[in-house]
Amino acid sequence: MSPTLSRRGFVSAGAGLLGLSALALAACGKGSSSGGKDDAPLTRVRYALIGDGRAEPGTVLRNKLSGVDIGAELGGVQLEWPTGFPASLPVMEAIKAHSVDFSFATATAVIYAIGGGVPIVPLVAYPLPASEVEILVPQGSPIRSAADLKGRRVADQRGTTGTYSLIKYLDSAGLTIGDIQYANLTAADAESAFAQGKVDAWITWQPTAELARRRHNAATLPNVRTYDYAFFVASESFANNHPRQAATLVRAVRDAQRWIEADPDASVAAFTKLGGFGDNQLEADVYRDLVKTRRLSYSGAGQFTSVGHDAIAGTQDLADNFHRLGVYPDKVDVTTWLQDSRFDSIKRVVDAELAK
């Protein structure tokens, strides 16, 4: 699987990495207040790109593909683009180490960050596309619905968007993960197991799902949905000391995603020229199709808003389900943390910027 297209998965061991023992401190709202000051000089912004960062809104900004010079818009600031993060959980650790200022983050990573006391400020959120997650089965499989998964061996990467969708899908048939033979596998291992017939079904997200479906001539189960949210977050030092620049960067990300979606063919051509898909025509074709049908994790970024009630409720539900399953050892109070009044000031600045 190309790192260009692998953005989302991380193992539950990450909970230990971020030290969920700091939950009480984070839930109590400790941290800097989000003021409206820009007094400290801003010389650079480090925007983390997931994977190799060759096919996403950050790629558009980094390479000025849409004609926007984001450094100039931020007042002559130097932009740095750290890459090599396989998912957004390691980015949370980088923010904690003060080596990243801004990034995309799954709801799962945000929950880990809340529990681990990572100094982030949530800027915007949006629902992931409902059709981003798929459950793959072999062609001709007797598995046709959620009920048919009972007793079957199902591959999933534990603690991800896929896990949450699997919980919800099984629940629709009155089942739980205890009713299946659950196989916790990375995407690469899951695909290998699926291809060799070692699992009966495999749940994963786009573009991995669509690539695997085409490679292995697989079928997909009906009515599988994605339920959780994605965020863009900033470090406390960036958001609190430079709220206007943080809001400008958020708006630029939104506009870059709109540029991608306005002409998917041109976007794919531009990303291909940058080496985003290597020589893999299938990946380029899949990416183009998923942009057109808006089924990628960034697809909602063209319409995101500051963090609202639905994003908070959805992320809390995810955290509660994962705690119940033991993915998170401690209960995480997402609602209290995301509704903390220290974020009110930056929220107003973001809302004003997104209204432009």
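The values are calculated or read from the model by the stated rules, or taken from the named source; none is laboratory data. Just so it is clear, the model here is predicted, and its values are computed rather than measured. Cβ placement follows ideal geometry from the backbone for every residue including glycine, while neighbour counts extend to all protein chains displayed. What goes into the accessible areas is simple: the full protein's heavy atoms, side chains included, and nothing from ligands, DNA or RNA. Shrake-Rupley method; radii C 1.70, N 1.55, O 1.52, S 1.80 Å.
Listed values, structure above:
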| item | result |
| --- | --- |
| Placed amide H near Glu132: partners under 5 Å, 5+ positions off or other chain | Thr226 |
| 29 Å Cα-Cα threshold exceeded, pairs from Lys168/Lys198; Lys168/Lys292; Lys273/Lys347 | Lys273/Lys347 |
| Cα centroid of the stretch 132-153 to Cα centroid of the stretch 58-86, whole Å | 42 |
| Percent accessible area from carbon and sulfur atoms, the chain, protein chains only, probe 1.4 Å | 48 |
| Contour excess over end-to-end distance, with Cα ends at Thr305 and Gln181 and 0.36 nm allotted per residue | 40.7 nm |
| Value of [θ]222 nm, deg cm²/dmol, for the chain, DSSP H segments ≥ 4, -39500 (n - 2.57) each, nearest 500 | -12000 deg cm²/dmol |
| Solvent accessible area, Å² - His323, 1.4 Å probe, full protein context | 70 |
| Cα-based equivalent ellipsoid of the stretch 38-177: semi-axis lengths in Å, sorted from largest, via gyration tensor | 38, 18, 12 |
| Cβ charges +1 (Lys, Arg) and -1 (Asp, Glu), total dipole of the stretch 289-356, debye | 280 |
| Solvent-accessible surface ranking, highest first, for Trp202, Trp259 at 1.4 angstrom | Trp259, Trp202 |
| ³J(HN,Hα) computed for each position of the stretch 159-168 - Karplus, 6.51 cos²θ - 1.76 cosθ + 1.60, integer Hz, glycine/proline x | x, 10, 3, x, 4, 5, 5, 5, 4, 5 |
| Set of aspartates and glutamates near Lys150 by C-alpha distance (under 13 Å), chain-local residues within fewer than 8 positions excluded | Asp171, Asp179, Asp200 |
| Extreme residue, positive dipole direction of the stretch 229-334, given options Gly276, Val286, Gly302 (C-beta unit charges) | Gly302 |
| Spacing of the two label points (7 Å from each Cα toward its C-beta) at Ala130 and Thr83, in nm | 3.5 |
| Accessible surface, per residue, of the stretch 117-157 when the full set of protein chains is kept, probe 1.4 Å, Å² | 33 |
| Largest-first principal axis extents, alpha carbons of the stretch 151-254, Å | 53, 32, 22 |
| Dipole magnitude of the chain about its Cα centre (Cβ charges: Lys, Arg +1; Asp, Glu -1), debye to nearest 20 | 160 |
| Nonlocal amide H pairs with Phe85, under 5 Å, H built at 1.01 Å | Gly51 |
| Relative contact order for the stretch 111-193, counting Cα pairs under 8 Å that sit 6 or more residues apart, in percent | 29 |
| Part-to-part distance (alpha-carbon centres) for the stretch 324-340 and the stretch 240-269, which is given in Å | 30 |
| Point-charge dipole on Cβ atoms (K/R +1, D/E -1) for the stretch 39-101, about Cα centre, debye to 20 | 120 |
| Reference-scaled alpha-carbon Rg (2.2 N^0.38 Å with N residues) for the chain | 0.97 |
| Percentage relative contact order, the chain, counting C-alpha pairs under 8 Å, at least six apart | 28 |
| Ratio Rg/Rh [Cα only; Rh per Kirkwood] for the stretch 212-275 | 1.15 |
| Heavy atoms of Tyr126 accessible to a 1.4 Å probe, total area in Å² rounded to 10 | 10 |
| Distance in nm between pseudo-label sites at Asp279 and Ala173 (7 Å out along the Cβ direction from Cα) | 4.3 |
| Rounded to the nearest 10 Å², the accessible area of Arg251 at probe 1.4 Å | 40 |
